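Visitor: Below you'll find the structure I mean.
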């Protein structure tokens, strides 16, 4: 039976600020239990780690990429991995990286936005109304 993971569980594990909780969470992650992580949860994790914990973007990307690839984690792996790559390699924010990855995965050819960062992704046709 699947269970959803809240952002605070994943954050506790990534920042290791409570060894007892981090150990219990690691045991959960290494179990065979199917754990669901939503796209919104990943966005919340990135925001909290950047703003509150002042972690470096590259460290967050590395940790989340490894986490998402755990076999019992159920999420939009293709979209999230591609978005993390865009976020890592292009000078765009997380939401733009995610929107682009979502659009490509769903064969959406245009994105209405005033954010010129989207134009850095060749597969995206940035449009303005």
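Visitor: When the range 102-111 is examined, which residues are found to be in contact with a strand residue (DSSP E or B) (Cβ under 9 Å, 6 or more places away or on another chain) and over 21 Å from residue 41 (Cβ atoms)?
Guide: 109, 110, 111
Visitor: Name the residue that is surrounded by the fewest Cβ atoms within 10 Å (Cβ to Cβ), counting only residues in the range 38-56 that are touching a helix residue (DSSP H, G or I) at 6+ places or on another chain (Cβ under 7 Å) and not in a helix (DSSP H, G or I).
Guide: 53
Visitor: When you check residue 65 against the structure, is it assigned by TED's automatic domain parsing to the domain that holds residue 33 and either in a helix (DSSP H, G or I) or farther than 26 Å from residue 1 by Cα (or both), yes or no?
Guide: yes
Visitor: Return a yes/no flag: does the range 24-45 have any residue that is under 26 Å from residue 120 (Cβ atoms) and free of Cβ contacts under 8 Å to residues at least 12 places away in the same chain.
Guide: Yes, there is a match, as at least one residue in the range 24-45 is under 26 Å from residue 120 (Cβ atoms) and free of Cβ contacts under 8 Å to residues at least 12 places away in the same chain.
Visitor: Does the range 12-21 hold any residues that are within 18 Å of residue 62 (Cα to Cα) and in contact with a helix residue (DSSP H, G or I) (Cβ under 6 Å, 6 or more places away or on another chain), and which are they?
Guide: Once the filter is applied, which keeps residues that are within 18 Å of residue 62 (Cα to Cα) and in contact with a helix residue (DSSP H, G or I) (Cβ under 6 Å, 6 or more places away or on another chain), the range 12-21 yields 12, 13, 14, 16.
Visitor: Just a yes or no: is a residue in the range 13-25 surrounded by 15 or more Cβ atoms within 10 Å (Cβ to Cβ) and under 10 Å from the mean Cα position of the chain (by Cα)?
Guide: Checked the range 13-25: no residue is surrounded by 15 or more Cβ atoms within 10 Å (Cβ to Cβ) and under 10 Å from the mean Cα position of the chain (by Cα).
Visitor: Considering only residues that are under 19 Å from the mean Cα position of the chain (by Cα) and outside any helix (DSSP H, G or I), look in the range 1-12 and name the one that is surrounded by the most Cβ atoms within 10 Å (Cβ to Cβ).
Guide: Only one residue tops the list, namely 5.
Visitor: Sticking with this one: Does residue 99 fit the bill of being in contact with a strand residue (DSSP E or B) (Cβ under 7 Å, 6 or more places away or on another chain), within 27 Å of residue 35 (Cα to Cα) and either touching a residue at least 40 places away in the same chain (Cβ under 8 Å) or outside the structural domain of residue 10 (by TED's automatic domain parsing) (or both)?
Guide: Considered against the rule, which asks whether it is in contact with a strand residue (DSSP E or B) (Cβ under 7 Å, 6 or more places away or on another chain), within 27 Å of residue 35 (Cα to Cα) and either touching a residue at least 40 places away in the same chain (Cβ under 8 Å) or outside the structural domain of residue 10 (by TED's automatic domain parsing) (or both), residue 99 comes out as yes.
Here is a yes/no grid of residues against (1) surrounded by 13 or more Cβ atoms within 10 Å (Cβ to Cβ); (2) over 16 Å from the mean Cα position of the chain (by Cα); (3) modelled with pLDDT of 95 or more:
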site	(1), (2), (3)
62	yes, no, yes
74	yes, no, yes
80	yes, no, yes
102	yes, no, yes
115	yes, yes, no
122	no, yes, no
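Visitor: Criterion first (free of Cβ contacts under 8 Å to residues at least 40 places away in the same chain, closer than 29 Å to residue 1 by Cβ and touching a helix residue (DSSP H, G or I) at 6+ places or on another chain (Cβ under 9 Å)) does residue 83 satisfy it?
Guide: Yes, satisfied.
The values are calculated or read from the model by the stated rules, or taken from the named source; none is laboratory data. Since this is a predicted model, take the numbers as computed values, not measurements. Virtual Cβ from ideal backbone geometry, glycine too; neighbours counted across all protein chains shown.
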